[in-house]
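**Student:** What follows is a structure written as structure tokens; I'll ask about it next.
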Amino acid sequence: MDMLLQFVANGLVSGAFYALSALGLTLIFGLMRVVNFAHGELYMLGGVMGWLATTVLGLNFFAGLALTLAVMGACGWLVDRFLIERVRDQGEEPSILLTIGLSIFLTNTALLLVGTAPLTIEGPLPNKPVFLGPVVLTELRVFAVAACAVLILAAHLVIRHTRLGRAMRATFQDPMAARLAGINTARVYASTFALGTMLAASAGMLLGSIYSTHVSAGGLVSLKAFVVVILGGMGSFAGAIVGGLILGVAEALWGGYISTGTVDIIGFIIVILTLIFKPYGLFSTQVERA
Amino acid sequence: MRKLILAPIMATAVLASAAAPAQDTVKIGLIQPLTGSVAYNGTADANGARLAVKERNAAGGVLGKQVELIIEDGQCSPANSVNAAEKLIQRDRVVALVGAFCSSATSAVMPVARKYKTPFLTGVSSEASLTEKGNPYFFRSAETDALLGKAFSRLIVDNLGLKKVAYIGVNDDWGRGSAKAFEQELSSHGVETAMIEYFNHGATDFYTLLTKLRGSGADGVFVAAETQDGSTLVKQIKQFGIDMDVFGVGSWATSDFIKITGDAAEGIYAAVPYVSNLPGERNERFVKDYSAAYDHAPGKYAAAGYNSLNIMMDAIDRAGGTDAGAIVDGLHATDYQAPNGRYRFTRTGQGYGFDAALVQIRDGHTDVVATTRIADPQADGAKDGQ
């Protein structure tokens, strides 16, 4: 019983991290119809930037996070204005090729600049164990789960309750009508991509402080994020959260009771089952674009 | 537009003209993972190899010619490593190959080396069956999992006094092979097995595994993992409040491992074929040269790259030419004084005679607890330990 509680706690923690990692991907897909294969690399860049800010510039964690968000948001904006804008409205294949190319470019640029060594980011709290009955967590993990919740909530509020968010949703529903209504859609797309990039980068830095990060970390993150997004439904916020938690707990239970060596099979089983039984995912609105 | 089309053609022409006078060098191909999850270790190996070649060229090269080292990225994947091998042999016309790091990649390159009759030496891949495939062109200047397990099990039992041990390995040929080999050897010394579990390359969260470890009642845990995975795992063992003796194989006794693991590295043991503070003048010289070139002390893989290139260059020198058969004979005649002992090869191309060390990390440094020699696996009654 104690073991079960610990497994579920582990699963919920890693599930929260999966949810945050997948959020930027689902946002960019849902609002822009761009399947961003460079998502994992943006996550990795967030970790690398966080490391540069805290270790090289000597900032504390929160200042470093703010700087990372600002720089990565600007990067996201520029990527959209200078790259994605060129293939917009040309179907999905050009943007897929573009983002795959971008992911290779980003990995290798980071490789040249910071090398292959694992990078550790100093967290805001010590990694001391916290005992909740039979369950062990660390202060930093509790903090990170809370930070995930705050970031997810903040992104949700931006999209639901701000002018920019309304413009984003209007542009997604019908770009032509949005333009006629006076919305600067180019700016909306760039803001959406910047927001998605900032979410990926914040996940990268947060998780870099709990584990460690390195320039090749992106591939695995992309893989898990795609599982979460397919399970939850492309473009769905609630889907990303529930999908992340399901993946996390399923992996923890499989690892705990069957074997940790085969745990990556879970993600693929989930994708296959989702595609067979609920091809649009658990929470998909199934909105077809006009 | 015309400029765009011309650019690659011109680049090719420039490259071709640069490669033309390369006839009077001796070319050796090196395949290492320079990107991907073990890129860090592959880069260390390539650095060691570069140093060996630089030193040799400064001392006059081999066969009176300069040695040209051509490095390709095999990414630790069988497919990419085979492509790299084909490119090195067909296009660059290398006389010998060194590399591929991961056992699965090396295993895929072996038939290519045989097809083109190219001598092939690995300084890293430790999966035991590689040298039992009857490939006459293949040599290994590294310990196998079984040899390392045999050499260390007594040291571990004597120095740590463990009764019940849990085994954790990365989920590949090497991790599984190491966990099994140590489990077998330690069992034969009367140590109970608490559990055997594996995790995947690049895994970041080990709490599920550690929950099982905590419930297993072991008093020590054996870990087969590389720098990145190993440091994350060790950190989480300490966070999780597990107080067990940890001993690992992989690139653990390096300054980088200690740096990224921090306080959590304190007190752990590592079974390593090389550590930079091994005693001996030969090693001091290597550490000094390597540190001067790369600003940090060499680890296991830097030494592996350095040794494998030196062994190959010695063999070519001994062959007196670049004929493959003669180089193979030259490799069989190897008696190389390395920073970590004296390398020789068995009939099947398995290296032996070099030292390995049990080290403990204390105050951010590696203390050598004991050393042992990798014995000739084909000699009857070979003694392990000193």
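The values are calculated or read from the model by the stated rules, or taken from the named source; none is laboratory data. Every value quoted in this text rests on a predicted model; they were computed, and no experiment measured them. Cβ placement follows ideal geometry from the backbone for every residue including glycine, while neighbour counts extend to all protein chains displayed. We work out accessible area using only protein heavy atoms, side chains counted, and drop any ligands, DNA or RNA first. Shrake-Rupley method; radii C 1.70, N 1.55, O 1.52, S 1.80 Å.
**Student:** Could you figure out which of (1) touching a residue at least 24 places away in the same chain (Cβ under 8 Å); (2) within 25 Å of B:Lys235 (Cα to Cα); (3) away from chain A (no Cβ under 14 Å) isn't true of B:Arg140?
**Tutor:** If we test B:Arg140 against (1) touching a residue at least 24 places away in the same chain (Cβ under 8 Å); (2) within 25 Å of B:Lys235 (Cα to Cα); (3) away from chain A (no Cβ under 14 Å), just (2) comes out false.
**Student:** What about B:Thr227, is it over 30 Å from A:Gly133 (Cα atoms) and in contact with a Pro (Cβ under 9 Å, 6 or more places away or on another chain)?
**Tutor:** Answer is yes for this residue.
**Student:** So, one more: Give the stretch B:344-366 a look and list any residue that's assigned to a strand (DSSP E or B) and more than 21 Å from the chain's Cα centre (by Cα), or say none.
**Tutor:** B:Arg362, B:His365
Residue by residue, here is whether (1) of a type outside the set (Val, Ile, Thr); (2) on the phi > 0 side of the Ramachandran plot holds:
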position	(1), (2)
B:Thr261	no, no
B:Ala265	yes, no
B:Ala270	yes, no
B:Tyr274	yes, no
B:Leu278	yes, no
B:Arg285	yes, no
B:Tyr306	yes, no
B:Met312	yes, no
B:Gly320	yes, yes
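**Student:** Just the residues that are β-branched (Val, Ile, Thr) and closer than 20 Å to A:Ile84 by Cα, please, taken from the stretch A:25-57. Give the derivation first.
**Tutor:** In the first step, residues of the stretch A:25-57 are kept if they are β-branched (Val, Ile, Thr); the result is A:26, A:28, A:34-35, A:48, A:54-56.
Within the stretch A:25-57, A:Thr26, A:Ile28, A:Val34, A:Val35 qualify.
**Student:** Could you tell me how many of the residues in the stretch B:66-98 are touching a strand residue (DSSP E or B) at 6+ places or on another chain (Cβ under 8 Å) and in a loop (DSSP other than H, G, I, E, B)?
**Tutor:** Going through the stretch B:66-98 one residue at a time, the tally reaches 5.
**Student:** Take A:Leu180 and decide whether it is under 23 Å from the mean Cα position of the chain (by Cα) and either at pLDDT 90 or above or open to solvent by 50 Å² or more (accessible area, probe 1.4 Å) (or both).
**Tutor:** No; evaluated as a whole, the condition is false for this residue.
**Student:** Moving on to the next point. Inside the stretch B:128-142, can you point out the residues that are assigned to a loop (DSSP other than H, G, I, E, B) and out of contact with any Pro (no Cβ under 6 Å at 6 or more places or on another chain)? Don't jump to the end; show me each part of the working.
**Tutor:** Applying the first criterion (assigned to a loop (DSSP other than H, G, I, E, B)) to the stretch B:128-142 yields B:133-137, B:141-142.
B:Lys133, B:Gly134, B:Asn135, B:Pro136, B:Ser141, B:Ala142 - these are the residues of the stretch B:128-142 that are assigned to a loop (DSSP other than H, G, I, E, B) and out of contact with any Pro (no Cβ under 6 Å at 6 or more places or on another chain).
**Student:** Further question: Have a look at B:Asp376, B:Asp363, B:Asp323 and point out the one that is out of contact with any Phe, Trp or Tyr (no Cβ under 7 Å at 6 or more places or on another chain), open to solvent by 10 Å² or more (accessible area, probe 1.4 Å) and touching a residue at least 24 places away in the same chain (Cβ under 8 Å). Even if it seems obvious, please write down each step before you answer.
**Tutor:** Values: B:Asp376 fails: out of contact with any Phe, Trp or Tyr (no Cβ under 7 Å at 6 or more places or on another chain); B:Asp323 fails: touching a residue at least 24 places away in the same chain (Cβ under 8 Å).
Answer to the selection: B:Asp363.
**Student:** Among the numbered conditions (1) within 14 Å of another protein chain (Cβ to nearest Cβ); (2) at pLDDT below 75, tell me where B:Ala19 comes up short.
**Tutor:** Single failed check for B:Ala19: (1).
**Student:** Here's another thing I want to ask about it. Of all residues in the stretch B:55-65 being touching a residue at least 24 places away in the same chain (Cβ under 8 Å) and assigned to a helix (DSSP H, G or I), which is least open to solvent (accessible area, probe 1.4 Å)?
**Tutor:** Within the stretch B:55-65, the match that is least open to solvent (accessible area, probe 1.4 Å) is B:Arg56.
**Student:** Within the stretch A:223-242, identify whether any single residue is facing chain B (nearest Cβ under 10 Å), among the aliphatic types (A, V, I, L, M) and not in a helix (DSSP H, G or I), and answer yes or no.
**Tutor:** No, the stretch A:223-242 has no match at all.
**Student:** Restrict the check to the stretch A:110-122 and report whether at least one residue is open to solvent by 50 Å² or more (accessible area, probe 1.4 Å), assigned to a helix (DSSP H, G or I) and of a type outside the set (Gly, Ala, Ser).
**Tutor:** Yes, there is a match, as at least one residue in the stretch A:110-122 is open to solvent by 50 Å² or more (accessible area, probe 1.4 Å), assigned to a helix (DSSP H, G or I) and of a type outside the set (Gly, Ala, Ser).
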